[in-house]
Structures are given as C-alpha cells and as structure tokens.
Amino acid sequence: MVSRVIPVDDFDLVVFGATGDLARRKILPGLYRRFTAGQIPASARIIGAARTEQDDDAFRSDARAAICEFGGAPRDEARIDDFLNLLGYVAIDAKGEGGWSELKSRMRPGTVHAFYFSVAPALFGDIAERLATNGIADAESRVVVEKPFGRDLASARALNETLARHFTEAQIYRIDHYLGKETVQNLMAVRFANILFEPLWNSQYVDHVQITVAETVGVAGRGSYYDKSGAIRDMVQNHMMQLLCLIAMEPPYHFDPDAVRDEKLKVIRALQAVPPADIVRGQYRGADADYLTDAEDPNSRTESYVAMKVCISNWRWQGTPFYLRTGKKLRARTSEIAITFKEPPHSIFDDSGSPRANQLVIRLQPNEGMNLKVMIKEPGPGGMRLVQVPLDMSFADALGSDGADMPDAYERLIMDVIRGNQTLFMRGDEVEAAWAWTDPIIKAWEDGKHRPEPYDPGSSGPEEALRLMHRDNRRWREIRS
Ligand code: NAP
C-alpha cells in the first residue's frame with residue numbers, strides 16, 4: 001500500500017542551526033523526501049540560518065551533500081536541483097544584531113511561517129526575542145524546539161517561560177521524535193480503533209506491561225554529551241514516558257491535540273514516586289567496550305542502562321505494574337511493548353503445561369508489527385493438551401509495503417508543524433510533569449554513593465534487573481531483534 005500524500009500549504013520555514021548535525025542528517029533530507037513525495041509546494045521556501053558566513057549557493061551545495069548522504073535512495077539529481085531552488089541562507093548570530101533584517105526581507109506575507117530552533121537550548125531565548133523585536137515572528141508563527149527540553153524541572157520551566165514571553169502554547173511545537181514514528185501512532189490506532197482490546201485494557205485483566213528500548217550501540221564518539229544526560233534523561237523522561245502514556249491513557253474524546261495531551265498528562269500526574277529498590281542502573285563495562293572509556297570520565301556514575309518498576313495510581317491501573325528498561329550496548333536493537341494478560345481464572349482442562357497467559361507484543365522496531373500469544377490445542381490424539389502459539393502480524397506484510405515510501409518521524413512532524421497540528425508534540429505542562437516525576441529519582445542518585453551496576457556489553461543488562469522481575473515472580477522478555 002502506497003502512503004497517501006496530502007500537500008501542505010505554502011510556507012516559509014527558517015531552520016536555525018542549519019549547518020549543524022541534526023539539520024544535515026534529518027531536517028534537510030527529510031524535507032527533500034517530502035518534496036519528492038509531492039507534499040511540499042514548489043513555491044515553499046526553506047531558509048537556513050547559522051553563524052557560518054556563506055551565501056545561498058554554498059548552503060545549497062552543503063544541502064546537496066547532506067541529501068546525497070542521508071536522503072536515501074533513489075537519488076534523482078533533477079529533483080534534488082528542484083528542491084535546492086527552495087533553499088536560501090542568511091548568516092545570523094543568535095546573540096548578535098546582524099542578519100535579522102535580511103531574514104525579515106526574505107519572509108513572504110500570507111504564507112505559513114515556521115521557525116525551527118535546531119540549536120542548543122541556551123539560544124532559544126535569544127532567537128525568540130530577536131524574532132519578536134525585529135517583527136519577524138507574529139501571532140500566527142510557529143516555533144519548533146528540539147530535545148532535550150531541560151535537564152530537570154527547573155530548567156524545563158525556565159525554557160517554557162522563555163518561550164512563553166514571545167509565543168503562546170498554541171505556537172510551540174516541542175519535538176519528541178518518538179511520537180512521529182509510524183508504529184508509535186499505531187499504538188493509538190490499535191487501542192482506540194478496535195473494540196477487541198479496550199475492555200481488557202485494565203488491571204482486572206492485565207498482569208503487567210513491559211516497555212523495552214534496547215540499543216546495540218554504545219556512547220563512543222558522543223560520550224561527553226551523553227555522560228551529562230544518562231539513560232533516564234535521554235530515554236525515560238521523554239520517549240519511554242510517551243510510550244507509557246499512550247499505553248496507559250484513557251481514550252481521548254477525539255483525536256485532537258489537547259484532548260490527547262490532556263489524557264497523557266493525567267497519566268504522568270498519576271505516576272507514583274519510584275522507590276530506590278524498584279530501580280536498577282547499569283553501565284556497560286567490558287574489554288571491548290567500556291562506558292567509562294567511552295564517556296571520557298573514568299569516574300563517571302552516569303547510567304547507560306536503567307530498569308524500573310512504575311506504578312500508576314488510578315482506577316484503571318492500580319495493581320498493574322509497568323516495567324521499563326532501556327540501555328546501550330545490549331544484545332539486540334529492539335523497541336517493543338509487551339502486555340501480559342492474567343491467566344484465565346479457572347482451567348477446565350487437566351493440562352498443567354506451559355504458560356497460559358495471553359501476551360500482546362507491539363513491536364516498534366525493527367519488524368514493526370504485533371504478536372498475540374494465544375492458547376490452542378496441541379495437535380494429535382491423546383487428550384486435550386494445550387500449547388501457546390503466536391498470531392503474528394508484520395505491518396509491512398499486512399500493508400504490502402516495505403515502508404520505504406513512509407515518511408520518517410522528522411518528515412511527518414515537520415509537515416504537522418506546517419499543517420498546524422500539535423497532536424504529536426509535547427505540551428509544556430506535560431514536559432514539566434514528566435520532569436517533576438523524574439527529578440527525585442535523579443536527585444537520589446546524585447546524592448547517593450552507589451555506582452551503577454556493571455553489565456557485559458552484548459548482554460541483556462545487569463543481573464540486578466533480572467532480580468527486579470524475579471522478585472515479583474515475573475520475567476523480562478528476551479531482548480532480540
Ligand atoms: P550541532 O551540530 O552542534 O549544530 C548546532 C548548530 O547551531 C550549528 O548549525 C551552528 O552553526 C548553530 N549555532 C551555534 N551557535 C549559534 C549562534 N550563536 N547563532 C546561530 N547559530 C548558532 O548541534 P545538532 O546536533 O545539530 O543539534 C541541534 C539541536 O538539536 C540541539 O538542541 C540538540 O540537542 C538537538 N538534537 C540533536 C539531535 C541530533 O541527532 N543531532 C537529536 C535530537 C536533538 P554555526 O556554528 O555556523 O553558527
């Protein structure tokens with residue numbers, strides 16, 4: 001099935017940080033792909049801005065190189081040329097006064113105006129202020145900001161206040177690229193477009209939920225950045241929190257930005273504080289790969305792995321724990337959500353065999369799809385013996401597509417900005433609530449003397465994490481791709 005393309009309105013998009021890594025790897029190639037898909041009108045303008053002094057042609061030449069490297073196949077030189085015609089560049093120092101009037105002169109009245117802040121958060125305030133004082137942004141303009149949105153509640157609040165001085169909440173698009181993933185949005189489709197699951201989607205029928213985001217890469221090459229963050233800030237507070245919300249939230253009254261975000265916020269506010277005994281931190285330590293070497297700090301206490309048991313205090317989920325784990329240098333690269341249902345209350349069969357609990361696994365990557373474990377009769381004569389088998393569906397097979405024509409998360413999210421749809425962006429109060437829950441966990445680590453547990457690169461994580469589950473008579477699912 002080929003994905004349907006609905007063209008967006010004409011727009012002027014300014015990318016601050018246009019010479020940076022994110023612009024080169026994701027934003028420019030993503031815009032190019034949407035252009036070739038026919039979603040971006042040929043009249044649209046994309047204006048790069050950064051301190052580097054260069055003219056339009058030099059920027060276009062850089063953009064061509066970025067598209068060739070990261071734009072995917074097939075490469076169509078004529079289409080690349082057409083796309084590059086949309087591009088322009090203005091040299092601007094966010095902290096200086098030069099370049100702003102030129103930027104203003106390039107913006108066309110009557111089009112959608114969006115400003116992508118692909119720069120360090122410390123520059124958000126400078127850019128927002130100069131856009132306002134130079135009369136470049138108005139009440140209709142949109143601003144896109146990147147993660148990390150703060151490193152704790154206080155800094156997230158400060159960022160929100162900075163942006164709020166010049167923009168209303170309806171103008172601010174905080175990116176969590178996880179929300180732009182096709183399969184993450186599928187979580188909502190699976191839950192709210194089917195009658196099948198919702199009646200069972202509560203603590204009466206669900207034993208527990210596991211959310212796993214495992215990576216095989218370490219932090220070598222970006223260790224000094226990662227070491228200031230760690231798994232909880234880099235993954236749990238944002239991406240995994242979003243997955244948890246989509247699984248746990250009540251049905252919104254409509255697929256509408258604030259209706260969805262209101263329900264996610266209620267989940268975050270209902271999260272119980274996590275006691276230290278319910279969290280395991282780890283660091284990969286081995287001869288071939290060692291976090292302490294990669295992090296460039298032999299004494300680092302930053303975690304490259306975290307596992308935790310999270311409880312939600314509301315009617316739906318009271319008594320059903322959510323187990324979260326994420327880490328680097330693990331056995332396989334995989335992201336999945338597994339919902340383990342309770343066993344039937346009474347068995348009419350004399351079979352004392354294998355597990356009976358149904359399990360629904362939603363695979364986010366790789367091999368996106370769903371797998372439902374159901375019990376059937378073991379074939380053959382000799383009585384009623386039961387066996388658990390998977391009902392397995394790969395979205396690619398079911399839709400007859402390898403996903404090559406599907407927009408990636410950044411492409412989809414940038415198009416949503418132009419459309420003015422905030423559903424897949426985090427609201428300010430949501431981000432603050434997530435930090436309010438995460439802060440005490442981080443604070444306890446910073447105050448404590450405990451080091452993260454070591455784990456072997458290529459393993460499933462620290463032994464302690466296994467015990468976190470065994471303690472509750474449960475088991476993690478095997479990490480495999
Ligand atoms: P980067 O490679 O360091 O690029 C930073 C950009 O900001 C460059 O274009 C730089 O260009 C520009 N810049 C720096 N100081 C400036 C100033 N005073 N005025 C105007 N422009 C200035 O960073 P990045 O990796 O692209 O990341 C950008 C943002 O996205 C960060 O907030 C980051 O946390 C976030 N993010 C990045 C990724 C990723 O994969 N890279 C993923 C998620 C989030 P000049 O030096 O020419 O000014």
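Here, each number is a calculation from the coordinates, and none is a lab measurement. Source: prediction; values computed, not measured. Glycine also receives a Cβ, built like all others from the backbone with ideal geometry; neighbour counts cover every protein chain displayed.
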| remark: In whole Hz, the Karplus estimates of ³J(HN,Hα) for segment 268-278 (6.51, -1.76, 1.60; θ = phi - 60°; x where Gly or Pro) are 4, 5, 8, 5, 6, 4, 9, x, x, 5, 9
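Where does the longest stretch of the chain lie that holds no GluC sites (Glu not before Pro) found in a DSSP loop with 16 or fewer other Cβ atoms within 10 Å? Provide the component values of the computation, followed by the final result.
Working: sites that count: E53, E97, E140, E296, E478.
Longest site-free region, per DSSP loop and neighbour criteria: 297-477.
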| task | Check cross-link reach from K309 to the lysines: straight Cα distance under 23 Å, and skip same-chain residues fewer than eight apart. | result | K264, K266, K328, K329, K342, K443, K449
| For the chain, what relative contact order do you get, as a whole percent, if you take Cα pairs closer than 8 Å and at least 6 residues apart? | 17 percent
| task | Rounded to whole Hz and in sequence order, give me ³J(HN,Hα) for segment 102-107 from the Karplus expression 6.51 cos²θ - 1.76 cosθ + 1.60, θ = phi - 60°, writing x for Gly and Pro. | result | 5, 4, 4, 5, 8, 7
| Label points 7 Å out from Cα along the Cβ direction at A332 and N367: separation in nm? | 0.6 nm
| request: Work out Dmax and Rg for the chain from the C-alpha atoms and quote the Rg first, both in angstrom. | output: 24.0, 85
| task | For Q365, enumerate residues with amide H under 5 Å from its amide H, sequence gap 5+ or separate chain, H modeled in the peptide plane. | result | S335
| field | Amide H contacts under 5 Å for E453, placed H, 5+ residues apart | value | R281, G282, Q283
| said: 7 Å from Cα along Cα→Cβ at both K342 and E464: what's the point-to-point distance in nm? | reply: 3.2 nm
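Just for the chain, what percent of DSSP beta bridges are antiparallel, to the closest 5?
On the way: 41 of 74 bridges.
Looking only at bridges with both residues in the chain, the antiparallel portion is about 55 percent.
Please report the relative contact order for segment 146-227, taking Cα pairs under 8 Å with a sequence separation of at least 6, and give it as a percent rounded to a whole number. Kindly include the intermediate steps, with their values, before the conclusion.
Working: 21 pairs, mean separation 14.0, N = 82.
Averaging sequence separation for qualifying contacts and normalising by length gives 17 percent for segment 146-227.
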| query | Quick one: Karplus J couplings for segment 291-306, per residue in order, coefficients 6.51, -1.76, 1.60, θ = phi - 60°, nearest Hz, x for Gly and Pro? | reply | 4, 5, 6, 4, 7, 6, 9, x, 10, 4, 10, 6, 8, 9, 8, 8
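Can you bin segment 351-481 into rounded, prolate or oblate? Criterion: square roots of the alpha carbon gyration tensor eigenvalues sorted a ≥ b ≥ c, rounded for a/c under 1.5, prolate for a/b above b/c, oblate for the rest. Could you put the intermediate results ahead of the total?
Working: a/c = 2.44, a/b = 1.21, b/c = 2.02.
Cα axes put segment 351-481 in the oblate bin.
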